[in-house]
Amino acid sequence: MEHPKYKIALIVGAGEGLSASLARLLAAQGIRVALAARRIEKLGALCTETGAKAYACNAAEPEEVERLFGLVEREIGTPDLVVYNASGRTRGPFVDLVPAEVAQAIAVSAYGGFLVAQQAAKRMLPNQHGAILFTGASASVKGYAQSAPFAMGKFALRGLAQSMARELSPQGIHVAHFVIDGGIRSATRTDPVDKPDSTLDPDAIALSYWNVLQQPRSAWSWELELRPWVERF
């Protein structure tokens, strides 16, 4: 069975949670890592730890995304693994939502995913090799009250992933969408003593991403749902 080998990863929407866990795991596997975020000051320690290089980029701006890929290509190499982990949200009663804020939230959650994925696919198709992974949420499949913009963006991102998987999988590009159905554990969000493992461990999520990346092409997943064992769904 064929097990794909990845050499250079680009994580867009990088931060201290899942992205950091992915960066550590990929670096430990010998994969060179590039990180992109609107503000990269927060990524210094992670770059030092993993050997990653950080790039400033607003994923909702076409020119910035194109520039990002150009810089990564010149300074590290062409990414054959791209993870879109950015999202935007604005909350509130539906009739009180500010249209400009809604547009921005959708732009980050969905349009940015399109821009990043398009640049990635253009570079992967000539070699018929690569993987593009999208981080979704509970809102990818369930629209919650007072959270319409987040649901709109995440529903759109899921549709993008599904459409891309049907088109690009036969051309050697593994496209996968991950429904993160629950809260992710962090320094500010810890499990209650009486409810251990009631949030998702970001290292465990990263391992699931890695497991999908190791799938032989005869049995590819396009979507995976992840939730704590006690999460209702």
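The values are calculated or read from the model by the stated rules, or taken from the named source; none is laboratory data. All values reported here derive from a predicted model rather than from experimental measurement. Quick reminder, even Gly has a Cβ in these numbers, built from the backbone with ideal geometry, and neighbours come from all protein chains shown. These area figures cover heavy atoms from the full protein model, side chains too; ligands, DNA and RNA do not enter into them. Shrake-Rupley method; radii C 1.70, N 1.55, O 1.52, S 1.80 Å.
Give me the distance between the Cα centres of the stretch 193-222 and the stretch 89-111, rounded to whole Å. Measuring centre to centre over Cα atoms gives 29 Å. Can you find, among Gly77, Thr48, Val33, the residue sitting farthest towards the positive end of the charge dipole of the stretch 1-91, where Lys and Arg contribute +1 and Asp and Glu -1 at Cβ? Sorting the options by dipole projection puts first Thr48.
Sites listed here are trypsin sites (Lys or Arg not before Pro) in the stretch 90-132 whose DSSP assignment is loop and whose Cβ has at most 16 other Cβ atoms within 10 Å: Arg91.
Distances between placed amide hydrogens fall under 5 Å for Phe134 paired with Tyr84, Ala176, His177, Phe178, all partners being 5 or more residues away or on another chain. Taking amide H as placed 1.01 Å from N in the peptide plane, the amide H of Leu200 sits under 5 Å from that of Gly183, Ile184, Arg185, each at least 5 places away or on another chain. Each of the GluC sites (Glu not before Pro) that DSSP puts in a loop and that has at most 15 other Cβ atoms within 10 Å breaks the chain; the longest unbroken stretch is 17-230. Rounded to the nearest 20, the Cβ-based charge dipole of the stretch 129-233 about its Cα centre (Lys and Arg +1, Asp and Glu -1) stands at 280 debye.
Would you mind pulling out the separation of the Cα centroids of the stretch 122-158 and the stretch 10-47, in Å? If you average the Cα positions of each part, the centres end up 19 Å apart.
Charged side chains reduced to their Cβ positions (Lys and Arg at +1, Asp and Glu at -1) give the chain a dipole of some 200 debye around its Cα centre.
Candidate values (i) 12.5; (ii) 15.5; (iii) 13.2 were compared with mean projected area of the Cα convex hull in nm² computed on the shown model; the agreeing label is (iii).
Below 15 angstrom from the Cβ of Phe134, what's the summed charge of the other residues (Lys, Arg +1; Asp, Glu -1)? Residues near Phe134 contribute -1 overall.
Loop-located trypsin sites (Lys or Arg not before Pro) across the stretch 136-233 with a Cβ neighbour count of 13 or fewer within 10 Å are Arg189, Arg232, with loop assigned by DSSP. What is the percent carbon and sulfur in the accessible area of the chain, measuring with a 1.4 Å probe over the protein chains and ignoring ligands? With neighbouring chains kept in place, the figure for the chain is 52 percent.
In this structure the stretch 79-219 gives 46 Å² per residue of accessible area when probed at 1.4 Å with all protein chains present.
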